[in-house]
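S.K.: Have a look at this one.
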Amino acid sequence: MSDLIKKDASELAGLVASGEVSAVEVAQAHLDRIAAVDRAVHAFLHVDTKGALASAAAVDAKVKAGEKLSVLAGVPLGLKDILATNGLPTTCGSKVLDGWIPPYDATVVTKLREAGIVILGKTNMDEFAMGSSTEHSAFGPTHNPWDLERIPGGSGGGSSACVSSFEAPLAIGTDTGGSIRQPAAVTGSVGVKPTYGGVSRYGIVALASSLDQAGPCARNVLDTAMLHSVIAGHDPMDSTSINSPVPDVIAAAKRADIKGMKVGIVKELGGEGYQAGVRTRFEESVALIESLGAEVVEVSCPSFPAALAAYYLILPSEASSNLAKFDGIRFGNRVGDDGTKSVEQVMSETRAAGFGPEVTRRIILGTYALSAGYYDAYYGQAQKVRTLIKQDFDAAFAKVDVLISPTAPTTAFKIGEKLDDPLAMYLNDVATIPVNMAGLPGMSLPIGLAPEDNLPVGLQIIAPAMADDRLYNVGAAIERELLAKWGGPILGLAPELAGA
Amino acid sequence: MNYDEAISKFDPVLGLEVHVELGTNTKMFCGCSTVFGAPPNTHVCPVCLGLPGALPTLNKIGVESAIRIGLALNCQIAQWCRFARKNYFYPDMPKNFQTSQYDEPIAFEGYLDVEIDTDEGRKTFRVPIERAHMEEDTGKNSHVGGATGRIHGADYSLVDYNRAGIPLIEIVTKPITGTGKYAPEVAKAYVAALRDILRGLGVSDVKMEQGSLRCDVNLSLRETPESKLGTRSETKNVNSLRSVERAVRYEVTRHAARLTAGDSVVQETRHWHEDTGISTSGRIKSDAEDYRYFPEPDLLPIAPSREWVEELRASLPENPAVRRARLVADWGLSEIDMNTVVNSGALDLIVEAVDAGVDPAAARKWWTGELARIANDRGIELEELPVLPSHLKRLEELISAGSLNDKLARQALEGVIAGEGDIDEIVKARGLAVVSDEGPLLAAIDEALAADPAVAETIKSGKLAAAGSVVGAVMKATRGQADAARVRELLFEKLGVSE
């Protein structure tokens, strides 16, 4: 096994830029790692060997020509299969899109390509990002590198698993209710959901338009910040994109100084329903934060207990409309078109065959919630809850600089354990959902292993809108202390994967 | 049952929904071209094809046009409004939802006054307008095979998405009551007035035959103006002014026949057939049809500033009906003359000429006469002729000075259209000038009299009309350049005849 795969993204970028290592060597090392372990992990749905080596070669040519490179040029990356990639399959983990090759790149993908980041392939996900375990992928589950019988989180389990199994130092995820942060928490990696509007949604297949946000995944805070800086910024192609300067997240990650900051513990996000080991590591983090000179206070967000219910009305409502276009008429899989059936029948059969049970469940839920006569009671009411959640956050941030909570209530559970119990599955995102409802930035940072199962636990850090830099400052400060305490990255404690 | 019988028994209630395609260069939510008639599926992109991941961005000119239309229809303009998704499955809708507006239209609560001829003379009816909202057009299906061109019986269907995403404004009236037997005329006058306003605003080419202005006619009957509203039918694709009038007349008669026979009117969509002048049943429509509207999360709310709205209001062109009345008075025209002017599409051109100092009668004569003929021969629009107000002005000056006559003036215009320069250059180059020198004219008169020896005696005997053939011969001999009145004078002098 090449030791290149264990290196941080920032280090790899330095080696490539200085010419010590070629980007092609770096890409090849990761492609070899994928070939060796991905049969077991199944982080990738498509590996683009040819494309990856070609873009790595292009970076090497620039190095040779002495051209200026962007911060992460030549570093490999796994891309969640929900971002449209010109010429490369984009399935969203669904049979309904099997075989679809987009004719255009998502804005995030364009930015990655322009930055010379090497896209290794497309990572697995719950179908249309609906799920917390990646078990709802139509192409089979992804396995957690810490324990292959466990889930890697979801919906972006492929992205978190490829990072934590050293198949890629970087990945892009999308987070509608926790799909970057919860997978990061259960795989011992770092993931950030930026402020809503901070990263363009153009070319990202929509689940719930008012909640979706793409973000960076990596193995440490600085790498995450660097990737964040590459993909963020205003995009005229996305009306909800914020037209103001991107906070300097890299500088914040390097600052790592929280002396004098005020940190709030959200009373409603913790306690009962949270695994003992998760609580233990969270309480240790609170003590650590205080030891670094920050003041920690408890704040109450009384509307948060209603967030999950409201989320499961808003998300399915928007999704039921967003997913209407998957009818087999213009793109993707078409089922039942034998020349005798009406267009309505073909649309209906395509959708029945193309969507899995969780997607079907949410489309039905959303269709119902938007129906005349029910709209006010469901969608309308949920929007009011959303307003209350925002007000809770506003009140909290009037008192503190950042908020913290455990990212997920438990460590990684066993594959199959919650598959037949949608409500138990939904509870995984109880702490991350309020952040999406308010459009705020949030990070999940590894803070140790739960003593009872030796599986990673994540700390969630939440900042006000467009104050994404605070996440990195706080995260980096905690990370530095923990690395010193552990004597190295937490992923060093993960078991070696067979085949490697 | 005929119309007169129907209308004597029932009171009609009208409702008109007009869809206007805006003349923006690009579509409502993407940068694709809106030009009509391109090969199928060439004006498309990920956004208007509704490809996964694509997002809409708002065309500001579309919003501006919507506000101007709202203002011209005396509407209030929303301080804050949103787009909404109208969800339904249909292959001509790329996303299977239409981005439209629902309970927050950009413009609402307006009216339009229309004038029609009644038994008691011209009368104004106020058509109340409920709303004008923005939305996107759908693609266009064509059904191949089968006898009717409709989906039933077709072998297969083709969809052209060039039209998908073209900005539309939907203008919806409130129920129009109190028209009595004039319902067909009021409906027609409303659509005509709306068309004139939209044309005056320059927001659409309002070509009904190309579908850039489409009208649906809703109609119901009730026994008396005091009765509650009856069941309505919605007749789609009524795509000419004449058809608007005919469709109302047809539906009034059809409803009345059903009601009189004790049948009920079915709430349904009906298709209008331009060729046969009847409507046929389409799909049954019920109020329970559920489009699951909700606010479009991919677009920001629109909050037009009051300053902007007032700026747009101040720059509105004069209301076409008001302007028309003013011009009829200023120019001393009859309503019929004015109709000819408006229908010929020459109104703006005549106004421009008059503004440049041309006599209104002369400007009208040129634009509805010679120039209309030339445009018609060439199959082009009047505006496309390279004739400027300055050309007509100079022409009229030369005519009043007696240096050009009508025939020569027409030749000068031909020169303008052929690109030969300005009027003076053409007159010079083509040698166009009225000949009024006595010498050549007297010689030509002598020649004409010599050619027809009997005519001199005829004129002398008092049959002055016979002078026409001599004048004609002189004009011919001088290739039209003679001053005909002068020729006549000289002829009578020569023969010693007085008029």
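S.K.: Give the relative contact order (percent, whole number) for the stretch B:203-261; include only Cα pairs under 8 Å separated by 6+ residues. Can you show the working numbers first?
M.R.: On the way: 62 pairs, mean separation 19.0, N = 59.
Taking the mean separation of contacting Cα pairs over the length of the stretch B:203-261, I get 32 percent.
S.K.: Of B:ILE399, B:GLY178, B:GLY345, which is farthest on the positive side of the dipole of the protein assembly as shown, counting Cα position, with +1 on Lys and Arg Cβ, -1 on Asp and Glu Cβ, and the Cα centre as origin?
M.R.: About the Cα centre, the residue reaching furthest to the positive side is B:GLY178.
S.K.: Could you give me the percent of Cα pairs per 5 Å distance bin for the stretch B:341-430, shortest bin first, beginning at zero and ending with the bin that holds the maximum distance?
M.R.: Bins of 5 Å from zero give 3, 15, 28, 27, 19, 7, 1, 0 percent of pairs.
S.K.: Under the rule of -39500 (n - 2.57) per DSSP H run of 4 or more residues, summed and divided by the residues of chain A, what mean residue ellipticity at 222 nm is obtained, to the nearest 500 deg cm²/dmol?
M.R.: Numbers: 16 runs with 191 residues, N = 500.
After summing the helix terms and dividing by residue count, I get -12000 deg cm²/dmol.
S.K.: What FRET efficiency would be calculated for the residue pair B:ARG122, B:TYR156, taking the C-beta separation as r and a Förster radius of 51 Å, to the nearest 0.05? Write down the numbers at each step before the final one.
M.R.: Working: r = 53 Å, r/R0 = 1.04.
The computed FRET efficiency comes out at 0.45.
S.K.: A further question on this structure: Quick one: of B:LYS60/B:LYS86; B:LYS365/B:LYS460; A:LYS122/B:LYS140; A:LYS325/A:LYS384; A:LYS193/B:LYS86, which pairs are farther than 25 Å apart, Cα to Cα?
M.R.: Details: B:LYS60/B:LYS86 21 Å; B:LYS365/B:LYS460 37 Å; A:LYS122/B:LYS140 36 Å; A:LYS325/A:LYS384 28 Å; A:LYS193/B:LYS86 30 Å.
Result: B:LYS365/B:LYS460; A:LYS122/B:LYS140; A:LYS325/A:LYS384; A:LYS193/B:LYS86 exceed 25 Å.
S.K.: Relative contact order for the stretch A:76-221 using alpha-carbon pairs under 8 Å, separation at least 6, rounded to a whole percent? Show your work: numbers first, answer last.
M.R.: Details: 397 pairs, mean separation 34.6, N = 146.
It comes to 24 percent, rounded to a whole number.
S.K.: Could you give the length gained on full extension between A:ALA372 and A:ASP32, defined as 0.36 nm per residue of separation minus the Cα-Cα distance, in nm? Working shown, then result.
M.R.: On the way: separation 340, 0.36 × 340 = 122.40 nm, distance 5.47 nm.
Stretched out fully, the A:ALA372 to A:ASP32 stretch lengthens by 116.9 nm.
S.K.: When the dipole is taken about the Cα centre of the protein assembly as shown, and only Lys, Arg (+1) and Asp, Glu (-1) are charged at their Cβ, what size is it in debye, to the nearest 20?
M.R.: Details: 98 positive and 131 negative charges, 155 e Å.
Taking the Cα centre of the protein assembly as shown as origin, the dipole is about 740 debye.
S.K.: Could you tell me which of B:ASN59, B:ALA261, A:VAL26 has its Cα farthest along the dipole of the protein assembly as shown towards the positive end, charges placed at Cβ (Lys, Arg +1; Asp, Glu -1), taken about the Cα centre?
M.R.: A:VAL26
S.K.: Also, I was wondering about something else. Could you line up A:GLU290, B:GLU21 from fewest to most neighbouring Cβ atoms inside 10 Å? Mind showing how you got there, number by number?
M.R.: Details: A:GLU290 13, B:GLU21 23.
In increasing order of surrounding Cβ atoms, one gets A:GLU290, B:GLU21.
S.K.: Using R₀ = 25 Å, calculate the FRET efficiency as 1/(1 + (r/R₀)^6) where r is the Cβ-Cβ separation of B:GLU5 and B:GLU209; round to 0.05.
M.R.: E between B:GLU5 and B:GLU209, to the nearest 0.05, is 0.15.
S.K.: Cα-based Rg of the stretch A:107-181 per 2.2 N^0.38 Å, rounded to two decimals? All intermediate terms of the calculation are to be shown ahead of the outcome.
M.R.: Values: Rg = 12.2 Å, N = 75, 2.2 N^0.38 = 11.3 Å.
The reported ratio for this selection is 1.08.
S.K.: Sticking with this structure for a sec: What FRET efficiency comes out for the pair B:LEU229/A:GLN391, r = Cβ-Cβ distance, R0 = 51 Å, nearest 0.05?
M.R.: On the way: r = 44 Å, r/R0 = 0.87.
Calculated transfer efficiency: 0.70.
S.K.: Taking chain B as the reference, fit the longest principal axis to its C-alpha atoms, fit the long axis of helix B:467-477 to the helix C-alpha atoms, and give the angle between the two in degrees, 0 to 90, nearest 10.
M.R.: Approximately 80 degrees, to the nearest ten.
S.K.: Considering only the protein assembly as shown, what is the antiparallel percent among its DSSP beta bridges, to the nearest 5? Write out the running numbers ahead of the final one.
M.R.: Working: 85 of 106 bridges.
The antiparallel proportion sits near 80 percent.
S.K.: State, to one decimal in nm, how far the label point of B:GLU318 lies from the label point of A:GLU149, with both points 7 Å from Cα in the Cβ direction.
M.R.: Inter-label distance under the simple model: 8.9 nm.
S.K.: Still on this structure, please answer the following. Between Rg and the Kirkwood Rh of the protein assembly as shown, both from Cα atoms, what is the Rg to Rh ratio? Intermediate results must be reported in sequence, preceding the final value.
M.R.: On the way: Rg = 38.3 Å, Rh = 33.5 Å.
Value, to two decimals: 1.14.
S.K.: Do me a favour and compute the ellipsoid semi-axes for the stretch A:261-413 from its Cα gyration tensor, root of five times each eigenvalue, largest one first, whole Å. Walk me through the numbers on the way to the answer.
M.R.: Details: eigenvalues 384, 74, 30 Å².
The answer is 44, 19, 12 Å, longest axis first.
S.K.: Ok, one more. Please report how far the C-alpha centroid of the stretch B:430-472 lies from that of the stretch A:365-416, rounded to the nearest whole angstrom.
M.R.: 101
S.K.: Continuing with this model, one more query. Give the order of A:GLU481, A:GLU298 when sorted by the count of other beta carbons within 10 angstrom, beginning with the fewest.
M.R.: A:GLU298, A:GLU481
S.K.: Could you give me the ³J(HN,Hα) list for the stretch A:253-262, computed from phi with Karplus coefficients 6.51, -1.76, 1.60 and θ = phi - 60°, whole Hz, x at Gly and Pro?
M.R.: Each residue's phi maps through the Karplus curve to give 5, 7, 5, 6, 9, 10, 4, x, 6, 10 Hz.
S.K.: A further question follows. Hey, what did chain B get for relative contact order, percent, Cα under 8 Å, at least 6 apart? Walk me through the intermediate numbers first.
M.R.: Working: 875 pairs, mean separation 69.4, N = 499.
Dividing the mean separation by the residue count of chain B yields 14 percent.
S.K.: Let me ask you something else. Could you please rank B:SER142, A:SER165, placing first whichever residue has the fewest other Cβ atoms within 10 Å of its Cβ?
M.R.: Ascending Cβ contact count within 10 Å gives the list B:SER142, A:SER165.
S.K.: Still on this structure, please answer the following. Report the paramagnetic label zone for A:ALA61: residues of the stretch A:68-96 whose backbone N is under 19 Å from a point 7 Å from Cα along the Cα-to-Cβ axis.
M.R.: A:68-70, A:73-76
S.K.: List the residues whose amide H sits under 5 Å from the amide H of B:VAL127, counting only those 5 or more places along or on another chain, with H placed 1.01 Å from N in the peptide plane.
M.R.: B:LEU112, B:ASP113, B:VAL114
S.K.: With N set to the residue count of the stretch A:352-451, report its C-alpha Rg divided by 2.2 N^0.38 Å to two decimal places. Walk me through the numbers on the way to the answer.
M.R.: Values: Rg = 17.2 Å, N = 100, 2.2 N^0.38 = 12.7 Å.
Normalised by 2.2 N^0.38 Å, the Cα Rg of the stretch A:352-451 equals 1.36.
S.K.: Could you tell me how far the Cα centroid of the stretch B:475-495 sits from the Cα centroid of the stretch A:56-71, in Å?
M.R.: Answer, in whole Å: 91.
S.K.: Report the charge-dipole magnitude of chain A in Debye, nearest 20, computed about the Cα centre from +1 at each Lys and Arg Cβ and -1 at each Asp and Glu Cβ. Mind showing how you got there, number by number?
M.R.: Details: 41 positive and 56 negative charges, 121 e Å.
Rounded to the nearest 20 debye, it is 580 debye.
S.K.: Mind putting a number on the dipole of the stretch B:3-308 about its Cα centre? Charges go on the C-beta only, +1 for Lys and Arg and -1 for Asp and Glu, and I need it in Debye to the nearest 20. Could you put the intermediate results ahead of the total?
M.R.: Numbers: 36 positive and 42 negative charges, 55 e Å.
For this selection, approximately 260 debye.
S.K.: Would you calculate the separation in nanometres between label points at B:GLU310 and B:ALA361, each defined as 7 Å from the Cα along the Cα-to-beta-carbon direction?
M.R.: 4.6
S.K.: Whose amide H sits under 5 Å from the amide H of A:LEU459, counting only residues 5 or more places off or on another chain, with H placed in the peptide plane?
M.R.: A:THR407, A:LEU445, A:ILE447
S.K.: Give the Cα extents of the stretch B:341-499 along the principal axes, in whole Å, largest first.
M.R.: For the stretch B:341-499, the Cα spread along each principal axis is 52, 32, 28 Å.
S.K.: How big is the Cα convex hull of chain B in projection, averaged over all directions, in nm²? Write down the numbers at each step before the final one.
M.R.: On the way: hull surface 130.6 nm².
Answer in nm², one decimal: 32.6.
S.K.: Here is a further query. What does DSSP give for chain A in terms of the percent of beta bridges that are antiparallel, rounded to the nearest 5? Write down the numbers at each step before the final one.
M.R.: Working: 28 of 44 bridges.
Bridges in chain A are about 65 percent antiparallel.
S.K.: Continuing with this model, one more query. Using 11 Å as the cut-off for backbone N distance, which residues of the stretch B:170-214 belong to the label zone defined by a point 7 Å from the Cα of B:GLU383 along Cα→Cβ?
M.R.: Residues B:199-206 fall inside that zone.
S.K.: What list of ³J(HN,Hα) couplings, whole Hz, do you get for the stretch A:161-169 from phi and the Karplus terms 6.51, -1.76, 1.60, once you set θ to phi - 60° and write x for glycine and proline?
M.R.: 6, 5, 6, 7, 9, 6, 7, 7, x
S.K.: Okay, moving on. Per the Kirkwood definition applied to all pairs of different Cα atoms, how many angstroms is the hydrodynamic radius of the stretch B:271-347?
M.R.: Values: mean 1/r = 0.0535 Å⁻¹.
18.7 Å is the Kirkwood radius here.
S.K.: Then there's this: Divide, for chain A, the radius of gyration over alpha carbons by 2.2 N^0.38 Å, where N is the residue count. Could the numbers behind the result be given before it?
M.R.: On the way: Rg = 21.3 Å, N = 500, 2.2 N^0.38 = 23.3 Å.
So the Cα radius of gyration is 0.91 times the expected 2.2 N^0.38 Å.
S.K.: To continue, here is another question. Suppose each label sits 7 Å from its Cα in the direction of the beta carbon; what would the B:GLU425-B:GLU447 distance come out to in nanometres?
M.R.: With each label point 7 Å from Cα toward Cβ, the separation is 3.3 nm.
S.K.: Now a separate question. Short version: ³J(HN,Hα) in whole Hz for each residue of the stretch A:273-285, in order, from phi by Karplus 6.51 cos²θ - 1.76 cosθ + 1.60 (θ = phi - 60°), x for Gly and Pro, what are they?
M.R.: x, 9, 4, 4, x, 5, 5, 4, 5, 5, 5, 4, 5
S.K.: Report Rg (one decimal) and Dmax (nearest whole number) for the stretch B:381-429, counting Cα atoms only, units Å.
M.R.: 10.2, 31
All of the numbers you see were taken from the coordinates with simple rules; none came from a lab. Computed from a prediction, not measured in an experiment: that's the story for all the values here. Don't worry about glycine lacking a Cβ; one is built from the backbone with ideal geometry, like all the others, and counts go over all protein chains shown.
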